[in-house]
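To start, the structure itself, in structure tokens.
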Amino acid sequence: MESRTNDILRQAAIIAAATFMLIAAAVGSGAFGGTSVDELQDGALSASGSYLAPAGPAFSIWSLIYLGLIAYAVWQALPAQRTDERQRTVGWWIAATMVLNGLWLVTAQFLTLPLTVIVIALLLAALARVMVLLNRRSARTIPERIVVDGANGLHFGWVTIATVANTAAWFTQIAPADWAEQAEVWAVAVLAVVLVIGVASALVLKRIAPALATAWGLSWLAVGRLTGEPDSTVTAVAGIVVAVALVVAGVVGVLRRRRTASVSR
């Protein structure tokens, strides 16, 4: 009886978290009359806020992520998923990522830039935990693979590059003026770190969705540096190289997972 109560509570909490995320996103993005995201924090979070900020169209991926998370919230609420051990393991963590997702926009709208860095770092850590837990058990059906593994994988991959952009925006605001001369060097160095972490993640998780989402952001970062301000061909080229490498690593990871699955049969 206690287990059934906990399962129902988990399902309800995920629905509540998804609802909060959507309301917070609307409030935080200025849909109800607040400041638009491009103008938040004196423009620090805009496409021209730093060398590592993706161009505006990159953020359209949020529509896909939100759609996936809403689908997940509905799917996990079905009676068939109530006692699923995979959902028991990962459900509360996914709920936490939804809450942190919504909190980030609220923080950006009403609080300070350093606090947005803290919130998005917590979100990235929670998503990393979700991906690790998902890797312990394979999805049993195609719908589960899409709404659980796919949606959360895209969320993780996008927040990876979003964390980099958010942190870079903060450092751009607080760094001494003479550091601007080395901005390209720092940008390429950070992208090198993204390359190492992203490739390692793709090979360990053996999933394509995180790599695709990060590569999407990096591709639009390159577009931003080639067509907008601040302009930087060096940073753009580095972004493209890292994006391609991540996609290749993601494909290799998936092939390794399929090979392992076929051998275990």
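The values are calculated or read from the model by the stated rules, or taken from the named source; none is laboratory data. Quick caveat, the model's predicted, so the values are computed rather than measured. Methodologically, a virtual Cβ is constructed for each residue, glycine included, from the backbone with ideal geometry; neighbour enumeration extends over all protein chains shown. These area figures cover heavy atoms from the full protein model, side chains too; ligands, DNA and RNA do not enter into them. Shrake-Rupley method; radii C 1.70, N 1.55, O 1.52, S 1.80 Å.
Assorted remarks:
- Filter result for G224 (at pLDDT 90 or above and of a type outside the set (F, W, Y)): yes
- Qualifying residue in the range 38-48 (condition: hydrophobic (A, V, I, L, M, F, W, C), closer than 25 Å to S232 by Cβ, open to solvent by 40 Å² or more (accessible area, probe 1.4 Å) and in contact (Cβ under 8 Å) with a residue 60 or more places away in the chain): no
- Any hit, the range 232-246, residues being outside any helix (DSSP H, G or I), under 21 Å from P57 (Cα atoms) and touching a residue at least 60 places away in the same chain (Cβ under 8 Å): yes
- Close pairs from the range 92-103: first farther than 17 Å from T163 by Cβ, partner among the charged types (D, E, K, R) and open to solvent by less than 50 Å² (accessible area, probe 1.4 Å), Cβ under 8 Å, at least 6 apart: W92/R10; A95/R10
- With respect to the conditions (1) at pLDDT below 80; (2) among the aliphatic types (A, V, I, L, M); (3) part of a helix (DSSP H, G or I), A58 falls short on a single one, namely (1).
- Residue under evaluation R129, criteria (1) open to solvent by 70 Å² or more (accessible area, probe 1.4 Å); (2) in contact with a Lys or Arg (Cβ under 8 Å, 6 or more places away or on another chain); (3) under 29 Å from R258 (Cβ atoms), criterion not met: (2)
- Candidate set from the range 220-231 (those that are in contact (Cβ under 8 Å) with a residue 60 or more places away in the chain and assigned to a helix (DSSP H, G or I)); member that is surrounded by the fewest Cβ atoms within 10 Å (Cβ to Cβ): T227
- Qualifying residue in the range 195-207 (condition: surrounded by 22 or more Cβ atoms within 10 Å (Cβ to Cβ), outside any helix (DSSP H, G or I) and either at pLDDT 90 or above or not polar (S, T, N, Q) (or both)): yes
- Odd one out for A139, checked against (1) surrounded by 19 or more Cβ atoms within 10 Å (Cβ to Cβ); (2) of a type outside the set (D, E, K, R); (3) within 24 Å of V199 (Cβ to Cβ); (4) at pLDDT below 90: (1)
- Any hit, the range 151-171, residues being over 21 Å from A55 (Cβ atoms), open to solvent by 30 Å² or more (accessible area, probe 1.4 Å) and not charged (D, E, K, R): no
- The one condition in (1) over 30 Å from R225 (Cα atoms); (2) in contact (Cβ under 8 Å) with a residue 24 or more places away in the chain; (3) open to solvent by 20 Å² or more (accessible area, probe 1.4 Å) that L78 fails to fulfil: (2)
- Among all residues of the range 238-252, there is none that is over 22 Å from the mean Cα position of the chain (by Cα) and either at negative phi or at pLDDT below 95 (or both).
- Selected residue (only one of I146, I174 is more than 14 Å from the chain's Cα centre (by Cα), free of Cβ contacts under 8 Å to residues at least 40 places away in the same chain and open to solvent by 50 Å² or more (accessible area, probe 1.4 Å)): I174
- Taking the range 100-126 as the range and being of a type in the set (G, A, S) and open to solvent by 20 Å² or more (accessible area, probe 1.4 Å) as the test, the residues that pass are A121, A125.
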